1. Tell me the volume per residue, in Å³, of the convex hull enclosing the alpha carbons of region 58-310.
2. Please calculate how many Å² of accessible area region 58-310 carries per residue, with a 1.4 Å probe and no DNA, RNA or ligand atoms counted.
3. Mind listing the phi-derived Karplus ³J(HN,Hα) values for region 78-84, rounded to whole Hz, using 6.51, -1.76 and 1.60 with θ = phi - 60°, and x for any glycine or proline?
4. Per 0.36 nm of contour for each residue apart, how much would the distance between Q182 and D291 grow if the chain were fully extended, relative to their Cα-Cα spacing?
5. Sort 279-289, 263-273, 241-251 by packing, meaning the average of other beta carbons within 10 Å per residue, with the highest value first.
6. At 1.4 Å probe size, what's the solvent-accessible area of K92? Round to the nearest 10 Å².
7. State the percentage of accessible surface on region 271-319 attributable to carbon and sulfur atoms; use a 1.4 Å probe and exclude ligands, DNA and RNA.
8. Of K92/K235; K161/K239; K58/K239; K64/K253; K64/K252, which pairs sit farther than 31 Å apart, going by alpha carbon to alpha carbon?
Amino acid sequence: MLIKKVLETASSEITPKWLYMNRRKFLSGALGVTAGAIAGKTLQELVLPPQQILAGTKLSVAAKSPFSTTEAVTSYEDVTHYNNFYEFGTGKEDPAKNATHFRTSPWSVKVSGLVDKPRTFSLEELLQLAPLEERVYRHRCVEAWSIVVPWIGYSFNALLKEVAPQSKAKFVAFESYYSSSQMPMANYAGIQFPYIEGLRLDEAMHPLALLCFGMYGETLPNQDGAPVRMVLPWKYGFKSIKSLVHIKLVEKKPDTTWNLSAPNEYGFYSNVNPQVDHPRWSQAKERRLGDFFRRSTLMFNGYDQVASLYAGMDLRKNF
Ligand code: MTE
């Protein structure tokens, strides 16, 4: 199966019962099936059920991206136990506790709006669209902490090219999965759901914008946005929407969750900018999880290659 190229089967998926049942079905049906119908397929392809892609499945990565920083990677423990994922609670340790039973398989992502080839992709199809790379990115939260994470994915523009955006499309609107029964803590979060985000089309096309399926060599843990999320390393972390289900290309600037809930605090662009303070705290410094001392925050979080996207814009007004 194609999917085998990027996924290594987790031991939990080897379920003797289905294998036994399918083998019996295969063997009893095999005599009636012409050789032509099964030509070109291996026995494994004929008896395996669709692969479940769950958190913690090993991902094979083609290469380490040249966009990677060489800074020390933050511990897996910190990155998976200090999260913002309001659907699963507002405390930093809530998502690790409350997202354990989140059902992320089967999963699909719909791409619609101003595109010539609208399409719903299964997660398996998305994983096959482009070679997976490891991208070690700095990730800066608006709350003035930061982490360095070996994410796994490919540039989001590979997905955009697949759907052929129309010339009228100027922005990309993103929407997260939401289910009040799977996410009862969302009722207490004080923001609206589903979580929504947006980018200008040229920002979304920038090769640094990552469609992310994993980290630390495995598929994403639920609390980090399983099974697929965005990672935009030059923007504050809240732009990096988790557990994506819908992408829509649109003409006008889309609403975003934080822009709707506090427009004076969270702008549409939300580029990391040490010169523009949050109304309630400074953005000049940050604390890297695991470090004691704070460090200076860098413009665009150090990703200067995006600066040309904002040439001529007043980034104090367009914060
Ligand atoms: N996506 C959804 N659906 N819900 C959220 O609450 N929080 C955002 C972003 N994406 C959030 C989300 C915020 S505020 C941050 S800082 C990052 O996810 C955190 O990502 P991490 O927990 O993997 O570090």
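The values are calculated or read from the model by the stated rules, or taken from the named source; none is laboratory data. Given the structure is predicted, the values throughout are model-derived calculations rather than measurements. In this analysis, Cβ positions are derived from the backbone assuming ideal geometry, glycine residues included, and neighbour counts consider all displayed protein chains. All accessible areas refer to the heavy atoms of the entire protein, side chains included, with ligands and DNA or RNA removed. Shrake-Rupley method; radii C 1.70, N 1.55, O 1.52, S 1.80 Å.
1. Values: hull volume 30.9 nm³, N = 253.
Per-residue hull volume (Cα only) is 122 Å³.
2. Working: 10310 Å² over 253 residues.
On a per-residue basis, region 58-310 sits at 41 Å².
3. Residue by residue, region 78-84 yields 5, 5, 9, 10, 9, 10, 10 Hz.
4. Numbers: separation 109, 0.36 × 109 = 39.24 nm, distance 3.46 nm.
So the chain would gain 35.8 nm between Q182 and D291.
5. Values: 279-289: 14.2, 263-273: 18.7, 241-251: 21.0.
In decreasing order of mean packing, 279-289, 263-273, 241-251 become 241-251, 263-273, 279-289.
6. 40
7. Working: 1600 of 3000 Å².
Ligands and nucleic acids excluded, carbon and sulfur reach 53 percent.
8. Numbers: K92/K235 20 Å; K161/K239 22 Å; K58/K239 26 Å; K64/K253 34 Å; K64/K252 36 Å.
K64/K253; K64/K252, as the Cα separations exceed 31 Å there.
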